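The values are calculated or read from the model by the stated rules, or taken from the named source; none is laboratory data. Since the model is a prediction, treat every value here as computed from it, not as a measurement. Every residue, glycine among them, receives a Cβ derived from its backbone with ideal geometry; neighbour counts consider all protein chains shown. These accessible areas exclude ligands, DNA and RNA; they are computed on the full protein's heavy atoms, side chains included. Shrake-Rupley method; radii C 1.70, N 1.55, O 1.52, S 1.80 Å.
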Amino acid sequence: TNTPTPTRTPTPTPVTITFSGDVTYLDGGVSYPVPYVEVFLKDAANNGILRTGWADPNGHYVFPAVSLQPGGNVYVHGKASNDHLTIGTDPFGSVYSKDGRTQGVTANPQQTVHLKIEDDLNTPEDDTGSWMIMRMLETHWDPGCTGVTVYWPSLINQPYAYGCSMWLRGGDEQDQHDPDVILHEYAHTKMWGDFGYWPCGIPIPGLPPCYR
């Protein structure tokens, strides 16, 4: 009796894909880019990181090309942080982040796929506000402190700055919507980084008032 020859299942040929996209949010029906967001290309099956990168001043990012098996799925994860600015919860527990839509990997060789991270009108404000703050600070960034941390929404019922940290109020029509408040508190961190003091009335224990 002849033994049947097993049928071999062909192994899918990996494809090389360049993923690019933009980080944006909607405010008043207008789309705004978010610059310098930290972005990660991830495998949707296990959340493993395939590539890392940064959005440019216009919120656009391009990952280095990656070789993937057709049939899988990927997505882009963006964090409201970079090498000089971090926006997170108060008390600080996690950096604000947002996932883009999942994209299937097809068998087209050398393809370029556009993956967008966006907030729309149905997105809770606790996502959108972090992008608003990040865009405002990056648009007017003037290095002072080595790194600035923004706590938002703040547990303090007023905007506040101390050293290289800022606290901004959250909620409807609060500090994330007010460029004057954001930049005012940022100016305090700028003075701290440049001069070691800022105008205030709260002394630092063990040091002269308002001096580091």
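Taking the conditions exactly as written (touching a Phe, Trp or Tyr at 6+ places or on another chain (Cβ under 9 Å), modelled with pLDDT of 95 or more and aliphatic (A, V, I, L, M)), does residue 26 satisfy them or not? No, not satisfied. Looking only at residues in the stretch 123-158 that are modelled with pLDDT under 85, in a helix (DSSP H, G or I) and of a type outside the set (S, T, N, Q), the one that is least open to solvent (accessible area, probe 1.4 Å) is 127. Considering only residues that are within 24 Å of residue 83 (Cα to Cα), touching a Leu at 6+ places or on another chain (Cβ under 9 Å) and open to solvent by 40 Å² or more (accessible area, probe 1.4 Å), which ones fall in the stretch 168-186? The answer is 183, and nothing else. Residues that are in contact (Cβ under 8 Å) with a residue 40 or more places away in the chain and over 22 Å from the mean Cα position of the chain (by Cα) within the stretch 157-189 comprise 162, 163, listed in sequence order.
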